[in-house]
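*Asks:* This is the structure I have questions about; it appears just below.
The values are calculated or read from the model by the stated rules, or taken from the named source; none is laboratory data. Predicted, not measured: the structure shown is a model, and the values here were computed from it. Quick reminder, even Gly has a Cβ in these numbers, built from the backbone with ideal geometry, and neighbours come from all protein chains shown. Calculation scope for accessible area: heavy atoms of the full protein, side chains included, ligands and nucleic acids excluded. Shrake-Rupley method; radii C 1.70, N 1.55, O 1.52, S 1.80 Å.
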Amino acid sequence: MADAIQKKIKAEIEIYTQMQKDVSKSVAARQKLEAQLTENNFVKEELDLLNSTNTVYKLIGPVLVVQDQDEAKATVAKRLEYIRGEIVRYEALLKDMEKKSDQHREVLSSLQQDYQKAQGLAVGKA
């Protein structure tokens, strides 16, 4: 009986470990999005300071190409909207992962208690 519980514990630990890796990846992705959000907010602020006579350039490969100010502002606004949406999505994903992680932690705790009880019974029989 203790061997069966031990196998369940091992399987649950593997699932839990994988979940923790997934959480770490998601946290890193969210942090990257936060950095992009900050950078794009800075770009938006800079674009807002321009007047109609200023020229905006866009880097395409190794070449700077003239870009319409309104187009540049619209592109940055769309990018900010997308990044904010992705941040919200990652926050929801992380909450869900944390719930599942807590459930696996509880299952692990329960299995460990069952294993200890099974070992105690085995010692009592011997």
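*Asks:* Per the 1.4 Å probe, what fraction of the accessible area of the stretch 1-113, in percent, lies on carbon and sulfur atoms?
*Replies:* C and S atoms contribute 55 percent here.
*Asks:* Please report the relative contact order for the chain, taking Cα pairs under 8 Å with a sequence separation of at least 6, and give it as a percent rounded to a whole number.
*Replies:* Worked out over the chain, it gives 43 percent.
*Asks:* So how tilted is helix 2-49 from the main axis of the chain? Cα-based, degrees 0 to 90, rounded to 10.
*Replies:* 10 degrees
*Asks:* At a Förster radius of 30 Å, what calculated FRET efficiency corresponds to the Cβ-Cβ distance of Asn54 and Leu80, to the nearest 0.05?
*Replies:* Using R0 = 30 Å, I get an efficiency of 0.90.
*Asks:* If you plug each phi of the stretch 94-109 into the Karplus form 6.51 cos²θ - 1.76 cosθ + 1.60 with θ = phi - 60°, what whole-Hz ³J(HN,Hα) values come out, in order, with x for Gly and Pro?
*Replies:* Computed from phi, the couplings for the stretch 94-109 are 5, 4, 5, 5, 5, 4, 5, 4, 4, 4, 5, 5, 5, 4, 4, 4 Hz.
*Asks:* Positive end of the charge dipole of the stretch 43-126 (Lys, Arg +1 and Asp, Glu -1 on Cβ, about the Cα centre): tell me which of Leu121, Val66, Tyr82 has its Cα farthest that way.
*Replies:* Value computed over the given set: Leu121.
*Asks:* Here's another thing I want to ask about it. Which distance in nm do the two modelled labels at Ala92 and Ala35 give, with both placed 7 Å along the Cα-to-Cβ direction?
*Replies:* Placing both labels 7 Å beyond Cα along the Cβ direction yields 2.6 nm.
*Asks:* So how strong a dipole does the chain carry about its Cα centre when Lys and Arg Cβ are +1 and Asp and Glu Cβ are -1, to the nearest 20 debye?
*Replies:* 700 debye
*Asks:* Right, something else. Can you put Ser109, Ser24, Ser101, Ser52 in order of accessible area, largest first, using a 1.4 Å probe?
*Replies:* Largest accessible area first, the residues go Ser52, Ser24, Ser109, Ser101.
*Asks:* Which distance in Å, rounded to a whole number, links the C-alpha centroids of the stretch 1-66 and the stretch 71-118?
*Replies:* Spelled out, the Cα-based centre of one part sits 13 Å from the other.
*Asks:* Put +1 on the Cβ of every Lys and Arg and -1 on every Asp and Glu Cβ in the chain; which of Asn40, Asn51, Ser110 then has its Cα farthest towards the positive end of the dipole?
*Replies:* Value: Ser110.
*Asks:* Given Lys32/Lys100; Lys7/Lys117; Lys7/Lys95; Lys21/Lys95; Lys32/Lys78; Lys8/Lys117, which pairs have Cα atoms separated by over 20 Å?
*Replies:* Lys32/Lys100; Lys7/Lys95
*Asks:* Answer with a single label: of (1) 57, 12, 8; (2) 61, 29, 16; (3) 28, 16, 13, which was calculated as semi-axes √(5λ) of the Cα gyration tensor in Å from the structure in view?
*Replies:* (1)
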